[in-house]
Structure formats: structure tokens, C-alpha cells
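First comes the structure, then the notes that go with it.
Bear in mind these aren't lab numbers, they're just calculated from the coordinates by the rules spelled out. If you're wondering where the values come from, they're calculated on a predicted model, not measured in any experiment. Heads up, the Cβs are rebuilt from the backbone with ideal geometry, glycines too, and the neighbour counts pull from every protein chain shown.
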Ligand code: C2O
């Protein structure tokens, strides 16, 4: 199935999912946003918490979803396989409990994706070989359909039903590989009620922006003249400011009385929303600063760890032993990416979690730096040679229960971008974000310690920074990475090693017997 099956569960449910690899490639499945309390073996990123499931092999993921409600999703976490291997994970309230908003008449997952007219594995392999940027995708999609503005697929365009006066809950997921996306429905307002499986104070907007990995739950009301309206997604911050019909995917919001499914009639041409321009950062700022947690936020104070991580791309000089065709980045370089100048490299023979648990030496080190090796003006005309990221498998060790703050600072080297930074095994509070260089003297006054949103993926503003906080109460090895997959390839990642605490309830469970080994 494409998209894959929707999993519908309740808060508190335990899941058992047997994954059988019937494909040609190694694969793993990640349950994006599920906290995996003490069940890190079920998290899924390859070579981080498990070795891949080989073709013909299988692995059963067992975990409990607790204290999270709303929309998450699952996806392959191996090379670029998540381009097509993904689906929605819907978490409803426990039996007898209800949503903190009026029950909608319908609920519809809206999964935004990206499609290549090629094998995505070949696309990323080619990029790794040449050092150049990979080919951009050929279409964006909504629920696996590009929509009828592309020439190929009018009949299969996704149709979302609505009735006059009724409310529909759209569970919007950005599953695109490399592209933050705007999302809008013509003539209709959207009321945001949740994001990343945490409820938010409701706010109304005409447009959403989601970075890859993020989800947003919105209520939409059938309060317009019965007709057909496009819902559309288009690139934010795309290098490819390509012509309109190459960058916009559509589905159709269809009022029942305007439907021609049963009768033979000419359905009215859907009304098109006007989407923001690809570089409309103001709209993104207004939108992302509207989020407030609904429940009382428990933001950690009295910090044990105050970290400052730079995130960004780099261009590495061509190594002397490399041929020219392997250095096809700008000016004969190779693209790279890093956090605090370390370009993350995954191990090959053990997963990080296994190496940690079994005390296998030589797989990783725990000297990931708490600060960048040098600070500079990230807004200035940054010299591209300033950072020559060094490859490494470096983890940062956290004591069980430590209260952590991380400033994530975009370096703007090579190109300023909105990096969707995702942390596995945790939700974190986004207590502030802004532009330019983070200033510890001035910017702390902007911290929201009262009702900041709780999320698993933060879009670090273009040319800017974001500050997140969490309590390290989940022992294991947890990767934090940019959710633009090409950036993972280039090394925009690191991992935390969270030590066990005291007693069984603060200790990671033993590995399951069928855990794949390398
Ligand atoms: Cu949704 Cu590590 O990813």
C-alpha cells in the first residue's frame, strides 16, 4: 500500500508490529515521535538502536504509547527508503475520554510526500558518489497522489469529503524527504488544535507550514458555499523555485452536494488557494510563534546541561586521493553537513545502543562537544572554509534525569535553510526562536517558560536559532538529526547516550530475542 496502513490506537495502548522485509533492501521502521519509554530497541533508526532487517528477515517492534494524543507517523529509517515507506499513526484518547475540542464528524489523514520518477536509493547513492546535491523530486503528493494540476493523474486525485455545517479533523503530516511545505485550503480557515501528538491552545490560521517530520492537527468547518475547493501544498525555502505546476500538489475538499461521483455531471472546477511565496519567512514566523501548549507545561529549570549546537551545511575540500567526478559540489568540493563541526557517521557492525549495552569498544566515543569549536557571526558573510566538518561517531552523555537546554543555531554556511531538527525518544519544549545570532544576554528575556509547545521536531528558523528544553528521563541512545534526509546523509546528526537511573523503572528493558544483528 502507498501510503502504508494507518495505525489507529488509543493513548495507553501497547503495540506489537511484526515487520517482514519482502523487499530488496535492508529496512527498519521508526515510530516517529513515539517516546519509547525504556523501549529504545523498538525505536528503529538503523545502526542507532538496531541493525537493519535484511531481505527475507523480520523483527517485531513492541512498545507502549503513553501520554501522547494526536497524530504521529511511522516511516522507514534506512537510507532513503522512507520516500515511499510511511503511514499515519493516530492516537485517540483513552476509552471514556474525549478530545479537548468538540468531536469532529470526520477525521482524515493528509500525508504530504515527495515522489521521484526514479529509485530514490539510486538518487542518494549517486549524490554520495559525486559529492553533489541529489536530484530534486519530480512531484509533491497528498496521500500518495500528485493531484490534477500535474498532467499525469487527474482521476486519482485525493478527494476529502465534507458536508455543510460539519467539522472535519485533518491530521496533516509532512512525510516529504527534503522539503518543508506550506499547506492551505481555498476559502477555509484552519483551527490548529495539536501538533506532534500534543494538544495546543486552538488558534486559527489560513496557512500551515510543516517541516518534514512534523504533524499538525486542524479542524476545518464546512461553512462555505457547497462546491469543490483545492487543498494544496507547495515548497517553502526550495532551491527549486520552479514553475507553479512543478511545485504544487493538490487534493480536493468536496462538499457532498457538489459531488458528481454518483451522477454523471461535470463537477465544478475546484477553487485554488493562493499559497505564500517560496521565500515567505514572515508567514512561517507568525505561524510557528502561534503555538502554545494546552496542558500545563512542565518546563525544566535549574539546568544541568546548557548546550549550544551549530547546525548547517559545509563544503569539504576534495580529498587528494579522490577523482574529479567524485567532487562535483560547488567549485570542486563535496557537500557535507555537521553539528558543532562534527559530521555524524553511523557505525556498520553494531548498533550504537547494542555497543553501549554490551560495552563493545571502538564503535563510538562520548566526546561530542557541548559547544562549537569556534563561534562567529552566523549572519555575516560567512567564509565557506570556516568549518571543514570532521567525520566522527561522537555521542553526548547525559545523566539520567538531567535537565537539558539546547540552543540550535543555523550557521547559514553554504545556504540559509529552515532545518527541521528531530530528537528521538523525547518531546521537548520550544521555549524561544529568533533570527540572527543567539544572544544569551538579550534573548533569554524571550523565553516562554509558561506554555511553550511540546514537540519532537523544531523548524530552526532560516538564519536564526531555536531553544529547546527536556528532561533526560528515557535511558538509551537517541539520535537527533535534521529531518531533511539529504542532510542526514551529509552528517547533520548527533546522538545522546542517556544513562540508566536507579532501579528497574529507570533502566532500559533488555533487548528482544529477535533483534536483528549486523
Ligand atoms: Cu522521522 Cu529519525 O526520524
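By DSSP, the beta bridges lying fully in the range 16-170 are antiparallel in about 85 percent of cases.
Note: the chain, Cα convex hull, 155 Å³ per residue.
Within the range 217-372, antiparallel bridges make up roughly 95 percent of the DSSP beta bridges whose residues both belong there. Taking the three principal axes of the alpha carbon atoms in the range 427-518, the coordinate ranges are 50, 35, 20 Å, sorted in descending order.
Over all projection directions, the Cα-based convex hull of the range 63-103 averages an area of 4.2 nm². Under the definition of Cα pairs under 8 Å and six or more residues apart, what whole-number percent is the relative contact order of the chain? With pairs under 8 Å counted, the relative contact order is 16 percent. The gain in end-to-end length when the residue 435 to residue 322 segment is fully stretched comes to 36.9 nm, 0.36 nm per residue minus the alpha carbon separation. As a proxy for reagent exposure, ranking 514, 451, 217 by other Cβ atoms within 10 Å from fewest up yields 514, 451, 217. Short-range pairs are left out: with C-alpha atoms under 8 Å and at least six residues apart, the relative contact order of the range 369-518 is 31 percent.
What does the extension gain come out to for residue 16 and residue 349, with contour length at 0.36 nm per residue minus their alpha carbon separation?
Working it through step by step, the gained length comes to 117.2 nm.
Note on the range 177-324: Cα convex hull, mean projected area over all directions, 15.6 nm². Summary value for the range 1-110: 37 percent relative contact order, contacts being C-alpha pairs under 8 angstrom separated by 6+ residues. Taken over the range 471-518, the ratio of Cα radius of gyration to 2.2 N^0.38 Å equals 1.48. Equivalent ellipsoid of the range 389-443: semi-axes from √(5λ) of the C-alpha gyration tensor, largest first, are 22, 18, 12 Å. From its DSSP helices (H runs of at least four residues, each -39,500 (n - 2.57)), the chain gives a residue-normalised ellipticity at 222 nm of -2000 deg cm²/dmol.
Set against the 2.2 N^0.38 Å expectation for a compact globular protein, the range 363-477 has a Cα radius of gyration ratio of 1.12.
The order of 152, 482, going from fewest to most other C-beta atoms within 10 Å of their C-beta, is 152, 482. Of all beta bridges that DSSP places with both ends in the chain, some 75 percent have antiparallel geometry. Beyond 15 Å, how much of the Cα-Cα pair distribution for the range 135-228 remains, as a whole percent? Of all Cα-Cα pairs in the range 135-228, 66 percent lie more than 15 Å apart. This ranking places 470, 428 by how few other beta-carbon atoms lie within 10 Å of each, fewest first, which gives 470, 428. Peptides 290-296, 111-117, ordered by how many other C-beta atoms sit within 10 Å of their residues on average, highest first, read 111-117, 290-296.
Inter-part distance, the range 270-329 to the range 433-503, computed on C-alpha centroids, equals 11 Å.
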